[in-house]
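Okay, so here's the structure we're looking at.
No lab work stands behind these numbers, since they all come straight from the coordinates. Everything quoted here is computed from the prediction, not taken from an experiment. Note that we place each Cβ from the backbone using ideal geometry, even for glycine, and neighbour counts take in every protein chain shown.
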Amino acid sequence: MSKITKLKIGIDCRCFDSEGGTKVYAVNLIKNLIINKDFEYYLFYTSNKHINSFSNDNVHEIVVPLSHKYLYFIWDQIVIPYLDIKYKIDIQHSPKGAVPILTRSKRVVTIHDLTYVILPNTVNLFDRLYGIFNLHLAAKLSSSLIFISKSTKQDFDKYFATKNKKYVVYHGLGQDSTNIETKEEKHIILYTGSLEKRKNLPNLIKAFSLVIKRFPNLKLYLVGKPGWSDPEIDSTIKVNNLADKVVRTGFLSIDDLNIVYSNTYVYTYLSTYEGFGIPILEAMSRGIPVITSNISSMPEVAGDAAMYVEPNNINEIAESLKNLYEDTVLRRSLVNKGYENITKFSWEKCSSETTKIYLNTLK
């Protein structure tokens, strides 16, 4: 009897080296993909610290150390193609959007957003050029493209022509999104994510400065690591004399973050551009009402379960914060709608649809 050869899926796990939405996507996707024992998964890491992240018997973890983050061109274009040949990979999936040129494997590429094209001044020059380079490669060389929202796919179609197969596959909920016991008296306006230009934090801070004139007990928490170059955050805090009202926590563990969530009355996500917006769903899953931007992918993710604002209208943001603080009926309505909205998104569904894409890629 001939031995049945399983399909070999290689997954570039370079995104494990930094916190953020791409890592959350890759980790949760892989956790659910590997349940399917019909496939063999080869996970390519840049560091030994990731070994044993997954323990199924159809998982093979391979490490090729990357000594410096700006050597990732070598990783993408030399290491990954070499590993594809060595392990006879059928499909190479890049969750981070990097496209190996010389690989013999079929390429599946996840496109998270088009920040490099749409907001080029919000990223450094090297990342911008390499990001645009990869988007062109994705259009020309990939067998299948996965977009994390319809909005991202529409953006891609504006700038790139391709005959490749294209799919929209939504994220699930990120990290541990278990609902927690919340307190009656909440005083925190919360933002979570990287502190970078497209997150529009200076406008949130300016709106907050108007809100605390009426509600001086409130505080604004900015949870996350600094992104690329947004000096306006600190200058806006200073100009508005908010040093004792705006709390920059840095990255928090899930336990510490849950403590912040338990004191939060509203979650804000006022980006000028997003590919998806996992933090919106995370806040909803914890019973926290959301105010978000009325542009890009945010309405697609939040549905009818959020208050929407024009992200550059500071007065509108401030009024929404005030209204939501005072109106308990409105808050409860958004919380209930949020619970309903998150049922549309799951990592199980994400992995199931991705598995179908792998199979369609070989047809």
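Check which residues have an amide H placed less than 5 Å from L218's amide H, if you skip close sequence neighbours.
Excluding prolines and chain starts, which carry no amide H, there are no hits.
Select from G227, L210, G193 the residue farthest towards the positive end of the dipole of region 192-239; place +1 on Cβ of Lys and Arg, -1 on Cβ of Asp and Glu, and compute about the Cα centre.
L210
Can you quote the Å³ per residue value for the convex hull of the Cα atoms in region 205-341, rounded to an integer?
Details: hull volume 15.0 nm³, N = 137.
Per-residue hull volume (Cα only) is 110 Å³.
How about K213: which aspartates and glutamates have a C-alpha closer than 16 Å to its C-alpha, ignoring those fewer than 8 places off in the same chain?
Within the straight-line limit of under 16 Å, K213 reaches these aspartates and glutamates: D244, E316, E319, E326.
Take the eigenvalues of the Cα gyration tensor for region 285-363, scale each by 5, and report the square roots as semi-axes in whole Å, largest first. Don't skip to the end; give the middle numbers.
Working: eigenvalues 224, 52, 9 Å².
Equivalent-ellipsoid dimensions as semi-axes: 33, 16, 7 Å.
Projected area of the chain, taken from the Cα convex hull and averaged over every viewing direction, in nm²?
Directional mean of the projected Cα hull area for the chain stands at 18.7 nm².
Summing +1 for each Lys or Arg and -1 for each Asp or Glu, what net charge is found among the other residues whose Cβ lies under 13 Å from the Cβ of D90? Mind showing how you got there, number by number?
Details: positive: K6, K8, K88, R104, K106, R107, K363; negative: D38, E40, D84.
Net charge around D90: +4.
Amide H to amide H, which residues 5 or more places from L7 or on other chains are under 5 Å from it, using H placed in the peptide plane?
Amide H to amide H, under 5 Å and 5 or more residues apart or across chains, L7 pairs with E40.
Going down the table (K163/K363; K245/K322; K37/K150), which pairs top 19 Å between alpha carbons?
The pairs that break the limit, which is 19 Å between Cα atoms, are K37/K150.
Structure shown: which of K6/K356; K31/K225; K199/K225; K23/K349 lie over 21 Å apart, alpha-carbon to alpha-carbon?
Details: K6/K356 15 Å; K31/K225 25 Å; K199/K225 12 Å; K23/K349 18 Å.
Beyond 21 Å between Cα atoms: K31/K225.
Within region 243-278, report the chymotrypsin sites (Phe, Trp or Tyr not before Pro) that DSSP leaves as loop and that have at most 14 other Cβ atoms within 10 Å.
F251
Quick one: check the C-alpha center-to-center distance for region 113-145 versus region 191-254, whole angstrom.
Cα centroid of region 113-145 versus Cα centroid of region 191-254: 28 Å apart.
With a cut-off of at most 15 other beta carbons within 10 Å, and DSSP calling the residue loop, which trypsin sites (Lys or Arg not before Pro) in region 42-88 qualify? Please list them.
Values: sites: K49, K69, K86, K88; in loops: K88.
Filter output for region 42-88: K88.
For K88, go through the aspartates and glutamates and keep the ones whose alpha-carbon is under 19 Å away, minus same-chain ones fewer than eight residues off.
D12, D38, E40, D57, E61, D76
Taking the Cα centre of the chain as origin, work out the dipole magnitude from +1 charges on Lys and Arg Cβ and -1 charges on Asp and Glu Cβ, in debye rounded to 20. Walk me through the numbers before you get to the answer.
Values: 45 positive and 37 negative charges, 211 e Å.
Computed about the Cα centre, the dipole is about 1020 debye.
When the helices in the chain are scored as -39500 (n - 2.57) per DSSP H run of 4 or longer and the sum is shared across all residues, what 222 nm value do you end up with, to the nearest 500 deg cm²/dmol? Display every interim value, and only then the final one.
Working: 13 runs with 134 residues, N = 363.
About -11000 deg cm²/dmol.
Given charges of +1 on the Cβ of Lys and Arg and -1 on the Cβ of Asp and Glu, with all other atoms neutral, how large is the dipole of region 288-331 about its Cα centre, in debye to the nearest 20? Don't jump to the answer; show the numbers that get you there.
On the way: 2 positive and 7 negative charges, 25 e Å.
Using Cβ point charges on Lys, Arg, Asp and Glu, region 288-331 gives about 120 debye.
Rounded to the nearest 0.05, what FRET efficiency do L330 and K238 give with R0 = 30 Å and r taken as the Cβ-Cβ distance? Could you check?
Numbers: r = 33 Å, r/R0 = 1.10.
Using R0 = 30 Å, I get an efficiency of 0.35.
Excluding G224 itself, calculate the net charge of residues whose Cβ lies under 11 Å from the Cβ of G224, where each Lys or Arg counts +1 and each Asp or Glu counts -1. Show your work: numbers first, answer last.
Working: positive: K199, K225, R248; negative: E19, E196.
That works out to +1.
Does region 184-265 classify as rounded, prolate or oblate by the C-alpha gyration tensor (a ≥ b ≥ c root eigenvalues; a/c under 1.5 gives rounded; else a/b over b/c gives prolate, otherwise oblate)? Before the final figure, lay out each step's value.
Values: a/c = 2.15, a/b = 1.06, b/c = 2.02.
Note, shape of region 184-265 comes out oblate.
Which aspartates and glutamates, if any, have their Cα less than 16 Å from the Cα of K238, not counting same-chain residues under 8 positions apart?
Candidates past the 8-residue exclusion: D230.
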